[in-house]
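Nothing in this text is a laboratory measurement; each read-out follows from the coordinates by a stated rule. All of these numbers come straight from a predicted model, not from anything done at the bench. Because the Cβ atoms are built from the backbone with ideal geometry, glycine has one as well, and the counts that use them run over all protein chains shown.
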Amino acid sequence: MKTNFIKYGAFIAAIVFTTAASAQKKPATKKAHVSYGYSNMYSSDNGDGKERVRTEENGKEYELTMQNGKLTELYVDGEKIPESKFGDYADFIARMKEQIKRDKIQAKKDQEQALRDQAQARRDQEQAKRDQEQARRDQAQAGKDQEQAKRDQEQASRDQEQASRDQEQAKREQEQAVKEQASAKLDQEQASRDQEQARRDQEQAVRDQEQAKRDQEQARRDQIQAKKDQELMKQLISDLVKDGIVADEKGLHELTISTDGMKVNGKQMSADVYSKYKSKYARFSGSSIRYHNEGNSRGISINRTDN
């Protein structure tokens with residue numbers, strides 16, 4: 001027969017196992033530590049509804065045996081109390097029953113909360129895609145911890161003394177779980193920040209793509225305009241040759257048409273010439289145009305100064 005011992009006082013429940021023989025006599029375990037003036041330790045034999053409760057209150061040690069919620073035995077400081085005097089301890093017994101009920105309810109809530117936390121952790125793992133590798137390591141570690149807890153539980157069933165050491169181990173593991181929960185929360189927050197950054201990066205990438213498309217279109221228009229400017233420049237040089245301003249194309253070294261007038265090879269042209277070329281080549285009137293043909297170097301430089 002398997003007997004479960006649960007200790008309360010610091011609001012931590014630990015389940016351990018012992019043999020059927022230990023359920024028939026007063027356990028030779030160490031007294032439970034007193035917190036806030038009382039502590040409880042009780043055991044229940046699975047299947048028969050029997051519970052044994054050991055507690056210390058106001059300097060006295062009590063041991064109760066209950067069958068399906070009814071008190072059947074009561075010891076105070078090791079002395080058995082006759083059933084006829086159970087009424088003298090009615091308030092104490094009622095408090096104990098209520099305390100055990102609250103402790104069981106709290107233990108169940110803690111277990112349900114642990115299951116909810118585990119489900120939330122899985123959802124967090126799915127959400128934190130960028131931390132997937134870290135989550136796998138955490139999951140592997142959690143598996144090791146779970147396997148260790150299983151081995152501890154099996155060891156506790158073989159030896160009641162080992163249960164005390166397992167209880168201490170459980171406390172350390174709980175502290176580690178709190179640390180891991182805090183770490184998981186930080187990972188989740190980081191994943192949220194990473195997701196937000198990814199969204200901003202994606203939006204920026206869309207903007208960059210749109211800008212690149214506009215730049216490409218602008219480059220195409222600039223290329224078309226440059227070709228038109230070349231043709232227009234050839235026409236302008238042809239007019240300079242026709243008007244006798246330069247002897248031929250090689251004779252033109254520098255040309256400027258602006259709001260201040262027109263210069264050819266550094267020479268200021270007359271108002272009539274300026275008016276004619278400014279009107280015909282209005283596109284260049286706000287630009288500095290330089291045509292150079294020196295030795296093996298030939299080229300046209302158009303520096304736009306207008307809008």
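A few remarks follow.
- The phi-based Karplus calculation (6.51 cos²θ - 1.76 cosθ + 1.60; θ = phi - 60°) puts the 3J(HN,Hα) values of the range 73-88 at 9, 9, 10, 10, 6, x, 9, 6, 9, x, 4, 5, 9, 4, x, 5 Hz, whole numbers, x for Gly and Pro.
- A Förster radius of 51 Å combined with the Cβ-Cβ distance from residue 84 to residue 133 puts the calculated FRET efficiency at roughly 0.15.
- Here the Karplus relation 6.51 cos²θ - 1.76 cosθ + 1.60, evaluated at θ = phi - 60°, turns the backbone of the range 222-237 into coupling constants of 4, 5, 5, 5, 4, 5, 5, 5, 4, 5, 5, 5, 4, 5, 5, 5 Hz, with x for every Gly and Pro.
- The range 83-168 shape via C-alpha gyration tensor axes, a/c threshold 1.5: oblate
- Sequentially through the range 115-125, phi angles give Karplus couplings (6.51, -1.76, 1.60; θ = phi - 60°) of 5, 5, 4, 5, 5, 5, 4, 5, 5, 4, 5 Hz, Gly and Pro residues having no value and appearing as x.
- Relative to the Cα centre, the charge distribution of the range 92-239, modelled as +1 at Lys and Arg Cβ and -1 at Asp and Glu Cβ, gives a dipole magnitude of about 540 debye.
- Residue 254 paired with residue 231, simple spin-label distance in nm, labels 7 Å along Cα-to-beta-carbon: 3.0
- Estimated FRET transfer efficiency (residue 141, residue 214; beta-carbon r; R0 51 Å; 0.05): 0.50
- Amide H contacts under 5 Å for residue 130: none, restricted to partners 5 or more places along the chain or on a different chain, H placed in the peptide plane at 1.01 Å from N.
- Cα-based shape type of the range 74-228, given that a ≥ b ≥ c are square roots of the gyration tensor eigenvalues and the cut on a/c is 1.5: prolate
- Shape summary of the range 199-270, radius of gyration then Dmax from alpha carbon positions: 20.7, 66 Å.
- The gain in end-to-end length when the residue 107 to residue 200 segment is fully stretched comes to 29.0 nm, 0.36 nm per residue minus the alpha carbon separation.
- Estimated FRET transfer efficiency when R0 is 30 angstrom, pair residue 57-residue 155 (beta carbons, to 0.05): 0.40
- Which listed pairs, of 234/263; 108/171; 129/213; 60/80; 50/70; 242/280, have C-alpha distances above 21 Å, in listed order: 129/213
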